[in-house]
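A short worksheet on the structure shown next.
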Amino acid sequence: TGQGSAPSVHSPGIYSPARIEPGSKLCRPMQAAAATALSILAALLPPPTSAALGGGAVRPGPSCKSSTTPPSRGDQRCPPTLRRRAVLTTPLVLASAVAPQPASASMVRDGMAAFAANRVGESIALYDKMIEANPASKPYLWQRGLSLYYADRFADGAEQFAADVAVNPNDTEEQIWHLLCLARQQGGSLEAARKSALKVGTDRRPVMRAVQQLFLSGGEAEERELAAIARDGDVGSRFYAALYLSLYHESLGDQAAAEARMREAVDTDYARGGGRSDPMVELARVAMQRRGW
């Protein structure tokens, strides 16, 4: 999650610079490539026999994806040496041999850079250009949904996040951003948006489970639980708890509380240190600028 010298984090252990959260947006390109390659191999090759394996039981190899208990959506680990920023923009080299590449790595990188510089309209134009050239890339452009939210194009943002979840049904964060877009549409509210909540799997990260519960229930107990993580959690979880508390208050129209929590998020050790290149940290900074905070 970026460079820097933030304290090493081991609980839940997903923010270390040398690691990628399995099943998350950062791991998704490898998921798609691995899933495609494995499905083709399974169709072309005969199943191994116990004799061929020396009489031992057949054991599945590790993958980045699990369909039931995701860490940010999956129990297995992605290669620990790949850095977050590299994975965000890595083309699906393996998948491109058998299927269209979801998006151009350089254009995704350019779109993210434009967004981080608060050139939100420019970032959307870049993502739209990718979709025009390759419509199959749309469900993989979660970054476009974030740009649409901060361009106040909430209906388009909701559509983007719904498309994302259709290809990655265990993405908790995109479920939440879909709710945020629905809640911000004219005449909308978070309470009404919950009736159209997308179905996703269970997140392995305690902080994101707490975020999900708050957005789906709106209970005072759930808000206190997330506030406790923002105060006492590990370095990365404190940032994410404060970020999503800000977004929760914004969805309710409480701008003062939203501003206070967003300021808290960008002032965390994670945002100022090892996580400063995390796209969500960049989003928090953009939010501060867009809202005039």
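The values are calculated or read from the model by the stated rules, or taken from the named source; none is laboratory data. Treat the numbers as computed from the prediction; the structure is a model and nothing was measured. Please note: Cβ atoms are built from the backbone with ideal geometry, for glycine as well, and neighbour counts cover all protein chains shown. The accessibility values were calculated without ligands, DNA or RNA, using every heavy atom of the protein model including side chains. Shrake-Rupley method; radii C 1.70, N 1.55, O 1.52, S 1.80 Å.
Heavy-atom accessible area per residue, segment 158-256, 1.4 Å probe: how many Å²?
I get 39 Å² per residue for segment 158-256.
Positive end of the charge dipole of segment 128-274 (Lys, Arg +1 and Asp, Glu -1 on Cβ, about the Cα centre): tell me which of Q213, M130, S147 has its Cα farthest that way.
The one lying farthest along the dipole's positive direction is M130.
Whenever you get a sec, compute what percent of the accessible area on segment 246-293 sits on carbon and sulfur atoms (1.4 Å probe).
Summing carbon and sulfur atoms, their accessible area is 43 percent of the total for segment 246-293.
More than 18 angstrom separation, counting every C-alpha pair in segment 143-293; what % is that?
55
What does the charge count near A155 come to, summing +1 for each Lys or Arg and -1 for each Asp or Glu among other residues with Cβ under 14 Å from its Cβ?
Around A155, the surrounding residues sum to 0.
Using the reciprocal of the averaged 1/r over all distinct C-alpha pairs, how large is the Kirkwood radius of segment 250-293 in Å?
After inverting the pairwise mean of 1/r, the radius is 10.6 Å.
Which shape class applies to segment 118-172: rounded if a/c is under 1.5, otherwise prolate when a/b exceeds b/c and oblate if not, where a ≥ b ≥ c are the square roots of the Cα gyration tensor eigenvalues?
Oblate.
So, taking all protein chains as they sit and a 1.4 Å probe, how much accessible area belongs to D269, in Å² rounded to tens?
It works out to around 70 Å².
Using a 7 Å offset from the Cα along the Cα-to-Cβ direction at both W293 and D232, what is the distance between the two label points in nm, to one decimal?
2.4
Under the 0.36 nm per residue contour assumption, what length would be gained going from the current alpha-carbon distance of S106 and R194 to full extension?
That pair, S106 and R194, stretches by 28.1 nm at full extension.
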